[in-house]
Amino acid sequence: MSKSDIHLVDDSGEIERQFRSIMRRLPGGVSIITAGNGEDISGMTVTSLSSLSTDPPRLLVSINKQASSFALIERYRLFGVNILGSDQQELATRFSNGRLKGKERFEGAEWFPGSSGVPLLGQSLATVECQVEEIIERHSHGIVVGRLLSFDLSHRLSGLVYWNGQYIEIDHDTDLDRLAEVSIPLAHVR
Ligand SMILES: Cc1cc2nc3c(=O)[nH]c(=O)nc-3n(C[C@H](O)[C@H](O)[C@H](O)COP(=O)(O)O)c2cc1C
C-alpha cells in the first residue's frame, strides 16, 4: 500500500462506528481465563491476553467488568490462563456462550483445580495459575496484571486464532511444511 492509497479518517463518530472493524483485522490468540474456587467457578474466552514483561514475568488480560469472571478474579485475587490449541474451538465457543453460566461452562470439559484452587482446563497448549498483582480499571474493562505461580506446557504447538470474526486453526506441522515449500524457492532467488 503506497501513501497515496491511504485515506485517513479523523471523524470521532466514524472511529467509534468502525472500531470493531479495525480490531477484527488483528489476529488474536485464543485463551480461556478461569476463576473461582470449589463450586463458585467460571471462565471466559479472551483474545486480550498478552505478555506485559519478561523480567519479572508478568502477563495482562483485559476483562469486561460486567463479566461474571471479573467478580471472581477480584474476590479470590487468582486466575487461571488456558492457552487453547487448534482442537479446542468448541471450548472457546462454550466459554463465551452467555446462556451457560458459572460451573455449567465446564460440563463435558476436562478440568481440575490447580494448587491455588483455581480451575484449570486439561489439554491446553499451556496452563498457568496467576496471582493478581494489580487491576487497573479503565472505561468498561479491568486490566488485570498476573504474577505467575505455576505452569504446565504441552508438547503440542498447533494454536487457535480468532481473526475477522472466525476461528482459524494453525496446524503446526502442515503450516511449517507449507512455509518450507514457499521459503525454499525464495532462498534460491537470493
Ligand atoms: C474470541 C472471543 C474473544 C473474547 N475476548 C474477550 C476479552 O479479551 N475480554 C473480555 O472481557 N471479553 C472477551 N470476550 C467476551 C467474553 O468471552 C464473554 O463476554 C464472557 O464469556 C461473558 O461471560 P459471562 O456470561 O459469564 O459474564 C471474547 C469473546 C470471544 C468469542
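Counting only heavy atoms of the protein chains and using a 1.4 Å probe, VAL182 has close to 90 Å² of accessible surface. Only Lys, Arg, Asp and Glu carry charge here, each on its Cβ (+1 for the first two, -1 for the last two); on that basis region 19-66 has a dipole of about 400 debye about its Cα centre. Couplings 3J(HN,Hα) for region 138-155, derived from phi with the Karplus relation 6.51 cos²θ - 1.76 cosθ + 1.60 (θ = phi - 60°), are 9, 6, 7, 10, x, 8, 9, 9, x, 9, 6, 9, 7, 8, 9, 10, 7, 7 Hz, where x marks Gly and Pro.
Could you tell me which helices of the chain pass both thresholds, a Cα extent of 24 Å or more along their own axis and a mean Kyte-Doolittle hydropathy of at least 1.0, with helices taken as whole DSSP H runs?
none
SER86 sits with roughly 20 Å² accessible to a 1.4 Å probe, with DNA, RNA and ligands left out of the calculation.
Let me know the shape class of region 19-174, please: from the alpha-carbon gyration tensor, a ≥ b ≥ c as square roots of the eigenvalues, rounded when a/c is under 1.5, otherwise prolate if a/b is greater than b/c, or oblate. Verdict is rounded for region 19-174.
Taking every alpha-carbon pair under 8 Å whose residues sit at least 6 apart, region 27-189 reaches a relative contact order of 26 percent. In this structure the amide hydrogen of LEU120, modeled in the peptide plane, comes within under 5 Å of the amide hydrogens of PHE112, GLY114, none closer than 5 places in sequence on its chain.
With all protein chains kept in place, the per residue accessible area of the chain amounts to 64 square angstrom at a probe of 1.4 angstrom. Nonpolar atom fraction for the chain, defined as the carbon and sulfur part of the 1.4 Å probe accessible area, stands at 53 percent.
Within the listed set LEU49, LEU176, LEU149, the Gaussian network model of the chain (springs between alpha-carbon atoms below 10 Å) gives the highest mean-square fluctuation for LEU176.
If each DSSP helix of 4+ residues adds -39,500 (n - 2.57) and the sum is divided by the residues in the chain, what number results at 222 nm, nearest 500 deg cm²/dmol? Result for the chain, helices only: -7500 deg cm²/dmol.
The values are calculated or read from the model by the stated rules, or taken from the named source; none is laboratory data. Note that this is a predicted model, so its numbers are computed, not measured. Note that we place each Cβ from the backbone using ideal geometry, even for glycine, and neighbour counts take in every protein chain shown. Heavy atoms of the whole protein, side chains included, go into the accessibility calculation; ligands, DNA and RNA do not. Shrake-Rupley method; radii C 1.70, N 1.55, O 1.52, S 1.80 Å.
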